[in-house]
Each structure stands twice: as structure tokens, then as C-alpha cells.
1. If you check LEU66, LEU48, LEU120, which single one turns out to be exposed (fewer than 15 other Cβ atoms within 10 Å of the Cβ) and not small (Gly, Ala, Ser)?
2. Kindly indicate whether ALA17 is over 21 Å from GLY83 (Cβ atoms), within 15 Å of the chain's Cα centre (by Cα) and surrounded by 19 or more Cβ atoms within 10 Å (Cβ to Cβ).
3. If you check PHE53 against the conditions, is it farther than 21 Å from MET32 by Cα, among the aromatic types (Phe, Trp, Tyr), part of a strand (DSSP E or B) and out of contact with any helix residue (DSSP H, G or I) (no Cβ under 7 Å at 6 or more places or on another chain)?
4. Could you look through region 76-103, keep only residues that are touching a residue at least 24 places away in the same chain (Cβ under 8 Å), outside any loop (DSSP other than H, G, I, E, B) and of a type in the set (A, V, I, L, M), and pick out the one that is nearest to PRO23 (Cα to Cα)?
5. When both residues are 6+ apart or on different chains and their Cβ atoms are under 7 Å apart, which pairs have a first residue that lies in region 19-38 and is part of a loop (DSSP other than H, G, I, E, B), and a second that is of a type in the set (Phe, Trp, Tyr)?
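The values are calculated or read from the model by the stated rules, or taken from the named source; none is laboratory data. Here the structure is a predicted model, which means the values were calculated and not measured. Methodologically, a virtual Cβ is constructed for each residue, glycine included, from the backbone with ideal geometry; neighbour enumeration extends over all protein chains shown.
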Amino acid sequence: MNHQFQQWEVMFDNAIALRPSNPAYPAYSGVMVIMGAPQDGWIAATFLRPVQFVSSFVTSSRRTILTAFDKHHKPIAQVETPGANLAHADAGRSPNVQLSIAIPNIHRVMFHTFNGHLTLDDFCFGF
């Protein structure tokens with residue numbers, strides 16, 4: 001999946017698009033999600049030109065942090081979920097929590113769950 005979306009000026013690292021077989025990770029819309037793989041716990045997206053907005057609906061087995069980086073790989077913004085948000089879990093959090101960052105000159109973002117599992121849906125960005 002690394003270069004599959006290069007025509008839209010984004011490249012993914014450690015990501016696979018699939019139809020989730022585990023009902024704890026439902027899609028937000030449609031039937032496909034992006035899952036962190038082959039390594040668990042993170043997904044990164046690098047933009048071929050800087051963006052000003054990134055957003056996705058996240059379902060994870062642990063707290064997820066979305067970090068935006070500048071062209072020098074320095075963190076410039078960060079947001080996070082309060083904790084795990086699997087469907088039908090006792091945590092009291094719904095799946096598909098939206099994480100968004102709006103700041104100029106985002107060159108890369110990383111979703112990280114600290115050794116958990118995560119899926120993204122409706123990943124979007126704007127120039």
C-alpha cells in the first residue's frame with residue numbers, strides 16, 4: 001500500500017487496506033479500513049507536498065496518538081484518544097473516534113498505539 005495512493009500525493013508506511021474480520025474493529029463508512037501491518041501499533045503517511053489538515057476515524061485496542069511532523073521530522077502537533085475504543089468493549093468509548101490536526105506544513109503523520117492494534121477509516125487531508 002506504500003505507493004498505491006501516490007497519485008493523490010500521499011504514501012503510507014506499515015499499512016494494509018482490508019475488510020475487518022474482527023467485529024471489534026468496525027468500519028466507519030463502507031466496508032474497508034486501513035490496518036497497521038505488518039507491524040502492530042502504528043501507521044504513517046508521508047505527503048509529497050505539505051498539507052494543512054489531516055483527519056481519520058480511529059479504532060484501537062489502546063490509546064492512540066496522532067502526531068504531525070514538519071519537513072525536518074520534528075513534531076509540530078499532537079492529539080490522542082483517551083484510551084481503547086473497541087466495539088462492544090466495557091471501556092465506555094465508541095469505536096471510530098475522529099482524530100484531526102489542522103496546522104500548516106504537515107509533511108508526515110503517524111498514528112501510534114503503543115503495542116496495540118488499530119484501524120483507520122475515512123483518512124483525509126487537505127492542502
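1. It is LEU48.
2. Taking the combined requirement at face value, the residue does not satisfy it.
3. Taking the combined requirement at face value, the residue satisfies it.
4. VAL97
5. The qualifying pairs are TYR28/PHE57.
Quick grid of which residues meet (1) β-branched (Val, Ile, Thr); (2) modelled with pLDDT of 95 or more; (3) on the phi > 0 side of the Ramachandran plot:
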{"residue": "TRP8", "(1), (2), (3)": "no, no, no"}
{"residue": "ALA27", "(1), (2), (3)": "no, yes, no"}
{"residue": "ILE34", "(1), (2), (3)": "yes, yes, no"}
{"residue": "ILE43", "(1), (2), (3)": "yes, yes, no"}
{"residue": "PRO95", "(1), (2), (3)": "no, yes, no"}
{"residue": "VAL109", "(1), (2), (3)": "yes, yes, no"}
